[in-house]
1. Computed FRET efficiency, Cβ-Cβ of Lys90 and Asp69, R0 35 Å: what is it to the nearest 0.05?
2. Can you put Glu168, Glu54 in order of accessible area, largest first, using a 1.4 Å probe?
3. Working with all protein chains in place, sort Phe102, Phe150 by solvent-accessible area computed with a 1.4 Å probe, largest first.
4. Let me check something: with ligands and nucleic acids excluded, how do Val176, Val137 order by accessible area (1.4 Å probe), largest to smallest?
5. On the full set of protein chains, 1.4 Å probe, figure out the accessible area of Leu188 and give it in Å² to the nearest 10.
6. How much of the accessible area of region 128-185, in percent, comes from carbon and sulfur atoms when a 1.4 Å probe is used?
7. Suppose every Lys and Arg Cβ carries +1 and every Asp and Glu Cβ carries -1, with no other charges. What dipole size does region 157-206 come out with about its Cα centre, to the nearest 20 debye?
8. For Trp174 and Arg148, what does the FRET efficiency come to when R0 = 30 Å and r is the distance between their Cβ atoms, rounded to the nearest 0.05?
Amino acid sequence: MLFCGTLPALRLVGLATLVLALLAAAPSAAGGATLDRRGAWVYADVPAWDISHEGLPFRLTWAWDSPLDPLARLLRSSETRWTAGIGYAKVYNSYDATTGRFRSAGGHAALASAGREFRWRLAPETRVGALARLPTVLVEFGVHGASRHFPADGTHFNFKLLSGLEWEVPSRPWTVGLIWLHFSNADLLSRNSGYDGLALRLSWSR
């Protein structure tokens, strides 16, 4: 129960880490590193850490190249992509963190989402072993829907904020990454229990 009280602090730490990563990425993005633009990608996300024991989302996302518009240039993004995804979530029952009493029933949920992804390459392509030495930082904003409340005491529809690090596999059309998933309705609806978790990502170009 004590851990539930630390969730806002974890979100703050995640946000601070993201801001620091973006500040570090900005100078190299302006440096004009050569990008390998293949035009279309597929991402597979599998749960790595369900932070508040709310559910396990599995996601498959299609992404395609997006032009660098004024917003991307303002953020000094190296690359942008549109995204559209589907998925499945095992939603856990919800219990009151203080009393331990049952609040909302979980179940099985179908997922769908769409968004825009901004990417910053931290350094020109250098490698150590099988992976690139420095990762690409990514942030994705968008909308997310589920066929039932996800988490169980949340809502059907949410905004999504994804952030993470992705490493290239040299000479291969593959990348591996670690992604922070956040879904919430930003207090726009009366029920605003959000989801936070970590996912392992495997992506490949098409």
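1. Working: r = 37 Å, r/R0 = 1.07.
FRET efficiency, Lys90 to Asp69: 0.40.
2. Numbers: Glu168 55, Glu54 30 Å².
Output order, biggest surface exposure first: Glu168, Glu54.
3. On the way: Phe102 115, Phe150 0 Å².
From most exposed to least exposed: Phe102, Phe150.
4. Values: Val176 50, Val137 5 Å².
The ordering from most to least exposed comes out as Val176, Val137.
5. Leu188 has an accessible surface of roughly 120 Å² with all protein chains in place.
6. Details: 1680 of 2430 Å².
Accessible surface attributable to carbon and sulfur in region 128-185 totals 69 percent.
7. Working: 5 positive and 4 negative charges, 40 e Å.
Dipole magnitude for region 157-206 comes out near 200 debye.
8. The value I calculate is 0.35.
The values are calculated or read from the model by the stated rules, or taken from the named source; none is laboratory data. Remember, predicted model here, so these are calculated numbers, not experimental data. When we count neighbours, we look across all protein chains shown, and the Cβ atoms used for this are built from the backbone with ideal geometry, even at glycine. We work out accessible area using only protein heavy atoms, side chains counted, and drop any ligands, DNA or RNA first. Shrake-Rupley method; radii C 1.70, N 1.55, O 1.52, S 1.80 Å.
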